[in-house]
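Peer 1: What follows is a single structure, and I will ask about it in a moment.
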Amino acid sequence: MDINIRRAVIHNVSENNQDQLRDTIVDAMQKGEEKYLPGLGVLFEVIWQNADEQEKGMMLDTLENGLKQT
């Protein structure tokens, strides 16, 4: 069985507006279940691929600071 997680996640949210995307992300994080991590990873991959270098730097700063607080 060939399951393409990237394709499935993108297909499932490709028509969503910003509010729906936010709800998807927040819901997955609140549930805290491991099964949602691949989907969140796909969403982050889309963000990263569409960010310019300044935005990537800001994300890395946010990530670094967030990891220090955990």
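Peer 1: Looking at the stretch 9-26, can you tell me whether even one residue there is modelled with pLDDT of 95 or more, among the hydrophobic types (A, V, I, L, M, F, W, C) and loosely packed, with under 12 Cβ neighbours inside 10 Å?
Peer 2: yes
Peer 1: Looking only at the stretch 33-61, which residues are small (Gly, Ala, Ser), over 8 Å from the mean Cα position of the chain (by Cα) and assigned to a helix (DSSP H, G or I)?
Peer 2: Gly57
Peer 1: Name the pairs whose Cβ atoms lie under 7 Å apart, with the first residue in the stretch 42-70 and of a type in the set (A, V, I, L, M, F, W, C), the second loosely packed, with under 12 Cβ neighbours inside 10 Å, and 6 or more positions between them or separate chains?
Peer 2: Val42/Ile5
Peer 1: With the condition kept exactly as written, say whether any residue in the stretch 47-63 is surrounded by 10 or more Cβ atoms within 10 Å (Cβ to Cβ) and within 17 Å of Asn12 (Cα to Cα).
Peer 2: Yes - at least one qualifying residue is present in the stretch 47-63.
Peer 1: Look at Asn16 and say whether it is assigned to a loop (DSSP other than H, G, I, E, B) and without any contact (Cβ under 8 Å) to a residue 40 or more places away in the chain.
Peer 2: So Asn16 passes the test.
The values are calculated or read from the model by the stated rules, or taken from the named source; none is laboratory data. Because the structure is a prediction, the values reported are computed rather than measured. Don't worry about glycine lacking a Cβ; one is built from the backbone with ideal geometry, like all the others, and counts go over all protein chains shown.
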